[in-house]
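Presented below is the structure to which this report refers.
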Amino acid sequence: MTTAQFEFAELHDELAAVARELLGSAPREVDVDWSLIIRSGWTGLEVPESLGGAGATFAEVAVILREIGRAAARGPYPAVTGIAGGALGLLEPTARRDDLLAATASGDRAPVLAMAGEGLFSNSFRLTESTRGLKLSGATDFVLDAPLADRLLIPAVGRDGAAVIVDVGAHSPGLRVEEQPVVDETRSLGSVAVDDVLVPPDSIMGFNPDSEHSLARLYHRAAVVVALDSLGLSEAMLDATVAYVGVREQFGRKIGSFQAVKHACADMLVQITIARTLVAAAVAALADPDAEAGAAAAMAKSFTTAMAVDVAGKAMQLHGGMGYTWESGIHVHLKRATLNRSLFGSPAVHRKTIATRY
C-alpha cells in the first residue's frame, strides 16, 4: 500500500466511525436529522471546493452510503447525494448546474433524479415545442425519495433526440408526485407525472461529454449506491448474529459453539468478503472518470444485493424465535435487502450485462 493509499484508507476509517456513531444514535422509526448530515459536510463531499464542497470523490460518498445501509437509516442521502449529485457532476457546467450543486452542498436544496427503480431507460419524458415555449411531459414510477424532493432532475429526450436533464421545482403546476407503498418502510418511493409543464431554456442541461456514455455511467452509479447499502446491512446482520450466538444458550451451551451455527456464520462471512471485493472494485471504477465501470457495477449489484437477502434471512433464522419478533429489528434489514435486490436492475438483469463480456 502506498502512502497516499494508506492516508485515504485512514480517512475512510475515520469517516466511517463518525458516520456509524451518528447514524446509530438515530431512532429507527424516524429520518436521520438532515441538519446533522449537512453540518457534517456529507452533502458536499463530491462537490468542487469552488462551489462550497470538499472536492472529494465517489469513494468518500461510498463510505457514508455503506454506513447508512448498516444502520438501515431513513433519509434522502442516497437519492440526493448518491444519485442526484452524481447526475449533476456529469452535466455540462452552467450557471444553473453550479448553483444547484452549491445549494445541494449547503443543504439549501434536496434534488432527486426521476429515475425509475428498474432503470434510467424506462423513463418516458420528452420535450416538445409549443407556441408558449418548451413543454415537458411524461411519467415514471418508483422514484427513490421523490416525495421528499424540493427539486426534480428529470431525464428527458430533447428536441434533437439527445438525452438531457431538466431541473423542475417539485411544486410546479402540472407536476404530480404521489407516494407509492413498498415492502421497505425505511424508504420513500413515489411516482412522478409531468403534464405539459413549461420549462425555461436554462433549466435544460446537457451531458458532458455525451448523453449515451453519461446515462450509462449514471445507471451504473445508482446500482452501486444500492450495492453499498446492501453490503452495509449485511455486515450489520453478521455482527448482530455473531453477538447473539455468543450469549444465547441451549442445552447448557452457547449456541455459537455448535458446528452448524459456526458453519452458517462462516458462510455469511465468506459471502460478505466476496461482496466487499466486488463493491470496492465498482467504487474505484466510478471514482475514476476515465475508467469503464459497467462490468464492475453489474458484478457488485448482482452479487451483493442477492447475497444481502440470504444473509438477512440466515440472521433471522439463527436468532431463532427472537429473530421473528418486531423488537429484534432484523425484519427491517431483510425488507430493505429485498427492495435493494430489485432497485436499478435485478441480479438477473445485471448478470446479462456481465454475460455480454464473454
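Rule-based calculations on the coordinates, nothing more; no lab input. Treat the numbers as computed from the prediction; the structure is a model and nothing was measured. Using ideal geometry, Cβ is built from the backbone for each residue, glycine included, and neighbour counts are taken over all protein chains shown.
Based on C-alpha coordinates, I'd like the Rg and Dmax of region 174-230, in Å.
When restricted to Cα atoms, region 174-230 yields Rg and Dmax of 15.6, 39 Å.
Give me 268, 237 ranked fewest to most by other Cβ atoms within 10 Å of their Cβ, as a rough exposure proxy.
268, 237
Expressed as a fraction of 2.2 N^0.38 Å, the rule-of-thumb size for a compact globular protein of N residues, what is the C-alpha radius of gyration of region 47-132?
Here the Cα radius of gyration is 1.25 times the empirical estimate.
Rounded to a whole number of µm²/s, how large is the Stokes-Einstein D of region 211-355 at 10 °C and 1.306 mPa s, given Rh as the Kirkwood radius over C-alpha pairs?
100 µm²/s
What percentage of all Cα-Cα pairs in region 3-108 are separated by more than 17 Å?
51 percent
Taking R0 as 41 Å, what FRET efficiency do you get between residue 208 and residue 131 from their Cβ-Cβ distance, rounded to the nearest 0.05?
About 0.85, to the nearest 0.05.
Taking neighbour counts of Cβ atoms within 10 Å as a proxy for exposure, in what order, fewest first, do 90, 45 appear?
90, 45
Please list, or write none, the aspartates and glutamates whose alpha carbon is within less than 16 Å of the alpha carbon of residue 135, excluding same-chain residues fewer than 8 places away.
160, 167, 195, 196, 202
Which of 170, 242, 104 sits closest to the plus end of the dipole of the chain, meaning its Cα is farthest towards the positive end, when Lys and Arg get +1 and Asp and Glu get -1 on the C-beta?
242
State, to one decimal in nm², a quarter of the convex hull surface area for the C-alpha atoms of the chain, i.e. the direction-averaged projected area.
With every direction weighted equally, the projected area is 19.1 nm².
So which aspartates and glutamates pass the test for residue 335, namely a Cα distance under 13 Å, with those fewer than 8 places away in the same chain ruled out?
Excluding near neighbours in sequence, the set is 184, 185, 229, 310.
What is the dipole size for region 8-78, taken about its Cα centre, with +1 at each Lys and Arg Cβ and -1 at each Asp and Glu Cβ, in debye to the nearest 20?
260 debye
So, by mean Cβ neighbours within 10 angstrom, what's the order for 175-181, 110-116, 339-345 with the highest one leading?
Ranked from most to least packed, the peptides come out as 110-116, 339-345, 175-181.
For region 121-203, state the average projected area of the convex hull of the C-alpha atoms over all orientations, rounded to one decimal in nm².
Average of the hull's projected areas for region 121-203 equals 5.5 nm².
Charges only on Cβ, +1 for Lys and Arg, -1 for Asp and Glu: so what's the dipole of region 211-355 about the Cα centre, in debye to the nearest 20?
380 debye
In debye, nearest 20: dipole of the chain around its Cα centre with unit charges on the Cβ of K, R (+) and D, E (-)?
Computed about the Cα centre, the dipole is about 1160 debye.
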